[in-house]
1. What are the pairs, 6+ residues apart or on separate chains, where a residue within the stretch A:95-110 that is facing another protein chain (nearest Cβ under 7 Å) has its Cβ under 6 Å from a residue that is acidic (Asp, Glu) and part of a strand (DSSP E or B)?
2. Do we have any residue at all in the stretch B:331-347 that's assigned to a loop (DSSP other than H, G, I, E, B), free of Cβ contacts under 8 Å to residues at least 40 places away in the same chain and open to solvent by 20 Å² or more (accessible area, probe 1.4 Å)?
3. I'd like the full set of residues that are hydrophobic (A, V, I, L, M, F, W, C) and either at the interface with chain A (Cβ under 7 Å from one of its Cβ atoms) or not in a helix (DSSP H, G or I) (or both), limited to the stretch B:70-83.
4. All but one of (1) touching a strand residue (DSSP E or B) at 6+ places or on another chain (Cβ under 8 Å); (2) of a type in the set (Lys, Arg); (3) more than 14 Å from every other protein chain (Cβ to nearest Cβ) hold for A:LYS241, so report the exception by its number.
5. Going residue by residue through the stretch B:193-206, is there one that turns out to be within 15 Å of B:MET137 (Cα to Cα), part of a loop (DSSP other than H, G, I, E, B) and out of contact with any Gly (no Cβ under 6 Å at 6 or more places or on another chain)?
6. Has the stretch A:28-46 got any residue that is over 20 Å from A:GLY65 (Cβ atoms) and out of contact with any strand residue (DSSP E or B) (no Cβ under 9 Å at 6 or more places or on another chain)?
7. Exactly one condition in (1) more than 28 Å from the chain's Cα centre (by Cα); (2) within 12 Å of chain B (Cβ to nearest Cβ) is false for A:LEU270; which is it?
Number of protein chains: 2
Amino acid sequence: MKLLINKNSLLEAISNVQKAITGKSTLPILQGIYINAYKNTLTLIGSDIDVCIETKIDAEILEEGSIVVDSRLFGEIIRKLPNAEIEISTIDNNTIELNCQKSCVNLIHMDASEYPLLPTITEDTIFSISQKTLKNMIKGTIFAVAQDETRPILTGVLFEVKDRKLNLVALDGFRVAFRSEQLDCNDNKEAVIPGKTLNEVSKILEDKDENVEITFTNNHILFNIGNTKVISRLLEGEFIKYASIIPQEYKTKVIVNKNEILGCIERASLMAKDGNTNLVKLEIVDDNLIVTSNSQLGKAREEVNIILQGESLKIAFNSKYLIDVFKNIEEEEIIMELSSSVAPCVVKNKEVNNCTYLLLPVRVLNN
Amino acid sequence: MKLLINKNSLLEAISNVQKAITGKSTLPILQGIYINAYKNTLTLIGSDIDVCIETKIDAEILEEGSIVVDSRLFGEIIRKLPNAEIEISTIDNNTIELNCQKSCVNLIHMDASEYPLLPTITEDTIFSISQKTLKNMIKGTIFAVAQDETRPILTGVLFEVKDRKLNLVALDGFRVAFRSEQLDCNDNKEAVIPGKTLNEVSKILEDKDENVEITFTNNHILFNIGNTKVISRLLEGEFIKYASIIPQEYKTKVIVNKNEILGCIERASLMAKDGNTNLVKLEIVDDNLIVTSNSQLGKAREEVNIILQGESLKIAFNSKYLIDVFKNIEEEEIIMELSSSVAPCVVKNKEVNNCTYLLLPVRVLNN
């Protein structure tokens, strides 16, 4: 193998594929980056058990071939090289030589034939969505995946293609996060993607209108993002029927400025955190929402103007759950729909109907 | 106590005095910020055993008084309040009430009379130096203080006022860092300041020409920085006579671009780190300095153009020590003075004679 490549494009490719290399695999070769030089393209692959990331970049290939190099060391060396063209060539004794201006580095490599094969992707359902939109949808749901492994399926995010829409859903027993966007696709399909994989996918997605193409198979999902492919295994099992959980009716409707209520809850939560309860109480009356909290060290009282339709209400929440939701809603004004102090609260955008959050309240005796 | 104060000036003051509150003191009241309202000034104090920081800010004092509040919680609450005027007043039951727009927070406070007295500072030697210059001098020496406590005096930085100069010196048995600047002061004085304190001082110092005033007493040093005072205890004992350690003669003199040699050493060190030795070898010959390193995973060879005066030489170093020095020299071009592969190397600025670093080499058998 022998090739010439620009330092910065190589570094970007390394940083992409490294997102799959968790260091948790027991297979030593998965600590490495697989590098293949073929025709005018250099292909880099990083993977662990759950996820595999492949990136292609243009390079001047003088001699084709494949190697596997230690991911951490190779990445650090490339990062520190001058911003110039790098020559990479295999020499004797399982070694590659990197030459860049006056720098010369020799590095042991592993045998590319030992690198595990990628999962075969047979195309099934395929659709496209803008990178920016998908990135937002992931950000808006992923915080609600279950953190404990008692029900593994809940550690993932449901991708539901249905009625020409893509729905993303995450839930953990205390809350539901639901995002929905129009889709140009007539198929129906469901799959649950591990939260950890999606997290890495969202880091690769850019804030731009260019599309990402998504392919489902029975066991895998493939994200095609520009020159990068991310293949993730799916979680097995059936996701909870989320639609029936979300109440359609309510007795109290609150319209409130998102940043104002977020500020109130964040301040009140400082006091709530101190008692380890995270409990904040909301009192909705007339055109005010009053947030209170207290602990051994003191108490807080916050007030925010609202538009109230329907009945007055007192209700209490884990402040962390409220903050998660308010931080991830894009619109300035939001709607809260409530029915009683023990019934779930639904939070939505005011204008665009593309997100729905459900939060269970905390029952308190002296509410 | 009752007063009105701008949120941002209060927040800046809190963040200054919090630098002294390490949470390591066994005295619970030292987890708090002492707050005193007197005339038109609010004074905040944070301290632990070694260091004490006092900041004064303008405030509209409606009722004078003193309290102590929990540093972490008070700081977080103020940070989260709207950017507006805050009313702070003591109410019943050892409680203060903060009012800011529609936010109202009650917070338990501690008894100000229990707060330890500040050390009394009787003026002895006083001099002034620009904040920027002192910040630079601290940054350029503090990395070389000893990390282990076997010789406590070496965990500090020597402040030496001598011959109308301020010298800062740190050394740890492997290297010496020396910085020197002109001073308008005829006194002679020596004191050793704990590294940890100086670190906090350098965070408060700003990159500007305004002066910091320094006062020594027998046991303390006082930095007067704008409206902030930092008082630190001094380390007891005598500092090593550093001047005799630094050789004045050499056989080999190298002039080299600082960023180029830094890049070489950093790349070579990636390979050196892998073997846990950190060892890089330097070969100085003609107009080249060649840096090599190797480990089980590979080897690196780097070359940089130099101007050589005197003899060729091979020498080896712990790469971390070279990197520390090159990172902290301000000039583009630096001078290295060497005598043999087992004699210390002296590194200096090329133009301005205000810094001198000494590094012990590592003896290697097959050099």
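The values are calculated or read from the model by the stated rules, or taken from the named source; none is laboratory data. Since we're looking at a predicted model, the values are computed, not measured. FYI the Cβ positions are ideal-geometry reconstructions off the backbone, even for glycines, and counts take in every protein chain you see. Accessible surface is based on the protein model in full, side chains and every heavy atom, while ligands, DNA and RNA are left aside. Shrake-Rupley method; radii C 1.70, N 1.55, O 1.52, S 1.80 Å.
1. Taking only residues 6 or more apart or on different chains, the pairs are A:LYS102/B:GLU303; A:SER103/B:GLU302; A:ASN106/A:GLU97.
2. Yes, because at least one residue in the stretch B:331-347 is assigned to a loop (DSSP other than H, G, I, E, B), free of Cβ contacts under 8 Å to residues at least 40 places away in the same chain and open to solvent by 20 Å² or more (accessible area, probe 1.4 Å).
3. The answer is B:LEU73, B:ILE77, B:LEU81.
4. Every condition holds for A:LYS241 apart from (1).
5. yes
6. Looking for residues that are over 20 Å from A:GLY65 (Cβ atoms) and out of contact with any strand residue (DSSP E or B) (no Cβ under 9 Å at 6 or more places or on another chain), one finds none in the stretch A:28-46, hence no.
7. Checking A:LEU270 against (1) more than 28 Å from the chain's Cα centre (by Cα); (2) within 12 Å of chain B (Cβ to nearest Cβ), the one that fails is (1).
So that you can scan it fast, the table gives a plain yes or no per residue for (1) under 29 Å from A:ASN40 (Cβ atoms); (2) in the same structural domain as A:ASN16 (by TED's automatic domain parsing); (3) open to solvent by 40 Å² or more (accessible area, probe 1.4 Å); (4) in contact with a Pro (Cβ under 9 Å, 6 or more places away or on another chain):
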position	(1), (2), (3), (4)
A:GLY140	no, no, no, no
A:ALA146	no, no, no, yes
A:GLU149	no, no, yes, no
A:ASN167	no, no, no, no
A:VAL212	yes, no, no, no
